[in-house]
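**Q** What follows is a structure written as structure tokens; I'll ask about it next.
The values are calculated or read from the model by the stated rules, or taken from the named source; none is laboratory data. All of these numbers come straight from a predicted model, not from anything done at the bench. Glycine gets a Cβ as well: all are built from the backbone with ideal geometry, and neighbour counts include every protein chain shown.
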């Protein structure tokens, strides 16, 4: 069995070190330590940060941000209590929940869609049969896109080389993708937005598989808001404020997409991503749906796929306990928005 390997990303990518010993400990009522990745799929988090929504919902609370490249890295941090909450993909979320002595809970949905498989321009890859002997990038081993790629390969009768097949899969930090494509070191990448649209706009890649085509109605969760349950129990009011800010950010995205795009672009640059042309942001944005709904069925299916790949030791029979949506539903009720129900 290939167990999920999670480790903290290089400091050069993070852009901010994880909480140091001098910072206040988890559960401190005036600190919220939040993780986020340099992806458009995390746009509500960047909007909330740029608009001061966390501070508005949590007066007097110091929101300390740590940037991660993938959920594999953020998973270690939240499970250990180095951060209190994080925007994260469904793959690492399920893996964390199914670990013994799990200490995580999903408190809101964030984003649906916005992941795809692009191939190097001029690579000659036009069908799955062209993939043997090729090297494909994902953000991290065992992360959401890695599971999606491997599952799709199996459906095509292919396997990664570490599974006895002949397709090479490499974990590559997202900001390094362009250089790796330009140098001819990669033949493709399965990535969240904005990276597929960015690589296409830079002329080094072309579309191959849109993951939305693989899901019912094109709906699949790519980002949720996850909290450490020890933190949640110690500081429920901070979780309430966190969820409120996330909801308000999604509302702003719906009401003023131009402003939301500008906020997200500013946040991405702070997180270490390149400044994107507006056309790239617009193209990537149309592939995303920002939603409070964590789309539990797709998260459960992703967990089943991870189990089939050997990334999970425990079969994910019932993930309903992962979702703690009372704070979210209270906010939605106040705004007269239908609440979110998660069935077993």
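**Q** Just one of (1) in a loop (DSSP other than H, G, I, E, B); (2) modelled with pLDDT under 90 trips up residue 13, so point out which.
**A** The number of the failed condition is (1).
**Q** Let me ask you something else. Answer yes or no as to whether residue 230 is at pLDDT 95 or above, in contact with a helix residue (DSSP H, G or I) (Cβ under 7 Å, 6 or more places away or on another chain) and either within 25 Å of residue 77 (Cα to Cα) or in the same structural domain as residue 320 (by TED's automatic domain parsing) (or both). Break it down stepwise before answering.
**A** Numbers: at pLDDT 95 or above: yes; in contact with a helix residue (DSSP H, G or I) (Cβ under 7 Å, 6 or more places away or on another chain): no; either within 25 Å of residue 77 (Cα to Cα) or in the same structural domain as residue 320 (by TED's automatic domain parsing) (or both): yes.
Answer is no for this residue.
**Q** If the requirement is being crowded, with 19+ Cβ neighbours inside 10 Å, closer than 19 Å to residue 306 by Cβ and either free of Cβ contacts under 8 Å to residues at least 60 places away in the same chain or in contact with a helix residue (DSSP H, G or I) (Cβ under 9 Å, 6 or more places away or on another chain) (or both), which of these qualifies: 94, 57?
**A** On the way: 57 fails: closer than 19 Å to residue 306 by Cβ.
None of the others qualify; the one that does is 94.
**Q** Spot the failing condition for residue 223; the list is (1) touching a residue at least 60 places away in the same chain (Cβ under 8 Å); (2) in contact with a helix residue (DSSP H, G or I) (Cβ under 7 Å, 6 or more places away or on another chain); (3) assigned to a loop (DSSP other than H, G, I, E, B), and only one is missed.
**A** All conditions are met except number (3).
**Q** Same structure again: Can you tell me which residue among 238, 268 is touching a residue at least 40 places away in the same chain (Cβ under 8 Å), buried (at least 22 other Cβ atoms within 10 Å of the Cβ), touching a strand residue (DSSP E or B) at 6+ places or on another chain (Cβ under 9 Å) and not in a loop (DSSP other than H, G, I, E, B)? Before you say what the answer is, go through the steps one by one.
**A** On the way: 268 fails: touching a strand residue (DSSP E or B) at 6+ places or on another chain (Cβ under 9 Å).
Selected residue: 238, the only one of 238, 268 that is touching a residue at least 40 places away in the same chain (Cβ under 8 Å), buried (at least 22 other Cβ atoms within 10 Å of the Cβ), touching a strand residue (DSSP E or B) at 6+ places or on another chain (Cβ under 9 Å) and not in a loop (DSSP other than H, G, I, E, B).
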